[in-house]
Structure formats: structure tokens, C-alpha cells
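K.L.:
I'd like to ask some things about the structure below.
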Amino acid sequence: MVNINSTTRLLSIKTQVVLTQTDTTVGFLSQNERKLQKIKSRDSSKPFIKVYKSFQALKADYVRIPNGQKQRVRRAKKSTFIVKNSAFRVASDTLDSSILRACSWNYSTSANASGKNFDLEFCEQKTDIIVQDNLGLFEGLSSSLYKINNKKRKKLR
């Protein structure tokens, strides 16, 4: 099911904020970082996680993964990696949605007010498009977070 709360055309999907169930928890997805910052009331110096739909999309964006960590990143499930202050993860689309397949990457953040739990009413007011399947939207565990370089891996979350 797809609900659209915006009167703008879907052709500008890259500027819209999508509420959907990600591979870990319910989240906001968008290619517009400023819209996400406004929704979350977040400091502009704090970056968002960039979620890629495939490793080919990750490579096409010229993300440099240290040689000693490439195999770990390739095999990781539900894990986010930080390399030189840039956070990313690869997550296959869990929903069969043409809206989400249209973009090879999105900025991602949890769907809640900063420091609070998931609230569907808050999310419905702040998002342009809602994508969900028959399971609905639910708050799950967030992804594991690792800071990596060529020799070390440090678990942050």
C-alpha cells in the first residue's frame, strides 16, 4: 500500500520524504538531506546514513572501502559502516515498491522525533509518501554500527 500526502508529482521523488519499513526498523528515506534535518530538528553538522540498494550502486558512488574490510562489508547484514566520517550501508529493498526502486541510494534516519520512540501520527504529519506492506510499520532494532579502517573495526552500537 502506498499513501501519498503530497500534491506534487512522483517525478520529483528525489525531493520527497518516504516513510517505510526498512530492513531494520521504520524509517524516513529521502535524497533531500535538508528536509530530513528539518523533520528531525537535527544539527546540520551531524550527517545521515546513506543507504544503497546494491553494491553496484555503492561502487558507482565511488565510496572507498578499505581493502582489509571489503569482504566484511560485502557479507554484512543489517550493519552500518563509518569510513572517514561517512556512514553507509547496503540494504536490499524489502518491499516491492517501484517508488523505492527508482533511487539507487537514499539518506536514512529512524522515523521518530529526536530521542523519542516511533509515533505513527508524528510520522504521518512529517512525510510525503508512506509505503507499507501487509505487516504494517513497526519499530525494530537499529542496525549495528562499525567504524572501520584498513586494519581495525570498532563497534559503536
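Derivation of every value follows stated rules applied to the coordinates shown; laboratory data play no part. Because the structure is a prediction, the values reported are computed rather than measured. Virtual Cβ from ideal backbone geometry, glycine too; neighbours counted across all protein chains shown.
K.L.:
When Lys and Arg each count +1 and Asp and Glu each count -1, what net charge do the other residues less than 10 Å away from residue 142, Cβ to Cβ, add up to?
P.N.:
+1
K.L.:
Additional query: In what order do 45, 110, 54 fall by count of nearby beta-carbon atoms within 10 Å, going from fewest to most?
P.N.:
Starting with the residue having the fewest Cβ neighbours, the order is 45, 54, 110.
K.L.:
Would you list 139, 124 from fewest to most Cβ contacts within 10 Å?
P.N.:
So the residues, fewest neighbours to most, are 124, 139.
K.L.:
Give me the net charge for the shell around residue 62: Cβ to Cβ below 14 angstrom, other residues only, Lys and Arg +1, Asp and Glu -1.
P.N.:
Residues close to residue 62 contribute a combined charge of +3.
K.L.:
Near residue 34, within a Cβ-to-Cβ distance under 12 Å, what is the net charge of the other residues, with Lys and Arg +1 and Asp and Glu -1? Intermediate results must be reported in sequence, preceding the final value.
P.N.:
On the way: positive: 35, 38, 40, 42; negative: 33.
Value of the local net charge: +3.
K.L.:
Which length gain, in nm to one decimal place, applies between residue 23 and residue 45 when the Cα-Cα distance is subtracted from 0.36 nm times their residue separation? Could the numbers behind the result be given before it?
P.N.:
Values: separation 22, 0.36 × 22 = 7.92 nm, distance 2.61 nm.
Answer, rounded to one decimal: 5.3 nm.
K.L.:
Moving on. At residue 124 and residue 37, where each label point lies 7 Å from the Cα along Cα→Cβ, what is the point-to-point distance in nanometres?
P.N.:
Label at residue 124, label at residue 37, 3.0 nm between them.
K.L.:
Are any of the pairs 70/155; 40/78; 78/151; 46/152 more than 18 Å apart by Cα-Cα distance, and if so, which?
P.N.:
Table pairs above 18 Å Cα-Cα are 40/78; 78/151; 46/152.
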